[in-house]
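What follows is a single structure, written as structure tokens, with notes after it.
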Amino acid sequence: MKKVAVYTSGGDAPGMNACIRAVVRGAIYHGAEIYGIRYGYNGMIKGDMKPLSSYSVSNIIQKGGTILKSARSEEFRTKEGRKKAYESLQENGIEGLICIGGDGSFTGAKVFYEEFGVAIVGAPGTIDNDIYGTDFTIGFDTAVNTAIEAIDKIRDTADSHDRIFFIEVMGRDSGYIAIRCGICGGAEMVLVPETATTVEDVINTLKVGKDRSKTSSIVVVAEGDEIGGAIEVAAMARKAMADADIRVATLGHIQRGGAPSAKDRILASRMGLSAIEGLLNGRKNVMAGVMKDELVYTPFEHAITIKKSLSPDLLRMVKIFNS
Ligand code: F6P
């Protein structure tokens, strides 16, 4: 392969730029021409792509966001949209692709390969860490650190006012961010989509804490928890604990921004280089990941369908520390 392209897709994640840099520098090192596609699949459909040089990725390893921009493409979900994308790749002579994104982006990549035979290798970039085939995804570590900084600050004010805070963190289908934030922030309870918890469990835990003379409490809620987000859970708690002073904080998109942590820069660089070297060596329809500190490739099929389970150790810890 002599001409390939890289794009970022879906929700952005800190470290995506470090990954783009690794892909670009890796491609050039191996003698390939590398293009950057802007706005993910939308840009591919429109032919919004241009050649990248080693210099175009200077001074970006430390930056959050993605210099290539990102999008969730509705048009690429249609066969017609994918056909247009294929045609624009053909027009530009692109022979293979590196997709930096999450499960939705890899689902698109897999279908695209099956329909048009385009060789694609993925690098997992999402703060959710919900992709099988890698212990951690690009952006997860930074997002957790950002959330913990906010939780520590909320803890100060919760303590001053003897309040209960329900803090919502991101994680549509997964509690990875929530469980780590809960442990690091000393939360009294963590609600994650992976385990069923009732409102009664929440009330009991808070009441037990109060009986043990706790004056403030923090409950970390993953946005995708089956009871609801922090606003819903707090409303239920208010009904059952009329005398409690309850507040809600939704951390939202601050978790997606900021300079990537050292861990994310290394991870993104390793996976980016592994992805481009895999592609240039003939791999396709797979994702580059790091498991137990080893570089591995996992078929997209497995990366998107196998559910990565939350470590039971972590869940157990929260219970024990608050018993
Ligand atoms: O997939 C990453 C993520 O940040 C999820 O945690 C969250 O549910 C979603 O993206 C939010 O997406 P958007 O920025 O498109 O609203």
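A few comments on the model shown:
- Antiparallel bridges, percent of DSSP beta bridges restricted to the chain (to nearest 5): 20
- The residue among ILE34, ILE320, GLY11 whose Cα reaches farthest toward the positive pole of the charge dipole of the chain, with charges on the beta-carbon of Lys, Arg, Asp and Glu, is ILE34.
- GNM on the chain, alpha-carbon springs under 10 angstrom: the most fluctuating residue among ILE227, ILE34, ILE138 is ILE227.
- Globularity index of the chain is 1.09 (Cα radius of gyration / 2.2 N^0.38 Å, N = number of residues).
- Between helix 79-91 and the chain: long-axis angle, C-alpha atoms, 0 to 90°, nearest 10: 50
- Cα centre as origin, Lys/Arg/Asp/Glu Cβ charges: the stretch 141-256 dipole, Debye: 240
- Global geometry of the stretch 141-256, whether rounded, prolate or oblate, following the gyration tensor of its Cα atoms and the 1.5 cut on a/c: oblate
- Helix axis angle, 230-240 relative to the chain longest principal axis, alpha carbon, degrees: 10
- Estimated distance in nm for a label pair at ALA240 and ILE266, the labels positioned 7 Å out from Cα along Cα-to-Cβ: 4.3
- Over the chain, DSSP H runs of length four or greater, each weighted -39,500 (n - 2.57), average out per residue to a 222 nm ellipticity of -13500 deg cm²/dmol.
- Inter-label distance, nm, simple model (7 Å from Cα along the C-beta direction), SER56/LYS214: 5.2
- Gained length - LYS292 relative to ARG316, 0.36 nm times residue gap less alpha-carbon distance: 6.4 nm
- Extreme residue, positive dipole direction of the stretch 141-256, given options TYR176, ILE151, GLN255 (C-beta unit charges): ILE151
- Relative to the dominant Cα principal axis of the chain, helix 262-280 is inclined by about 30°.
- Options THR198, GLY185, HIS161, ranked by Cα towards positive dipole end of the stretch 141-256, top entry (Cβ charges): HIS161
- Computed FRET value (nearest 0.05) for THR198 with ALA259, which takes r as the C-beta separation and R₀ as 25 Å: 0.05
- Pairs beyond 29 Å (Cα-Cα), from LYS69/LYS153; LYS46/LYS263; LYS153/LYS319: LYS69/LYS153; LYS46/LYS263
- For the stretch 198-212, 3J(HN,Hα) computed residue by residue from phi via the Karplus equation (6.51, -1.76, 1.60; θ = phi - 60°) reads 9, 4, 4, 4, 5, 4, 4, 4, 5, 5, 4, x, 5, 4, 8 Hz, glycine and proline entered as x.
- Efficiency of FRET from Cβ geometry, ILE28 and GLU91, R₀ 30 Å, rounded to 0.05: 0.85
Bear in mind these aren't lab numbers, they're just calculated from the coordinates by the rules spelled out. Note that this is a predicted model, so its numbers are computed, not measured. Here Cβ is always computed from backbone atoms with ideal geometry, including for glycine, and neighbour counts include all displayed protein chains.
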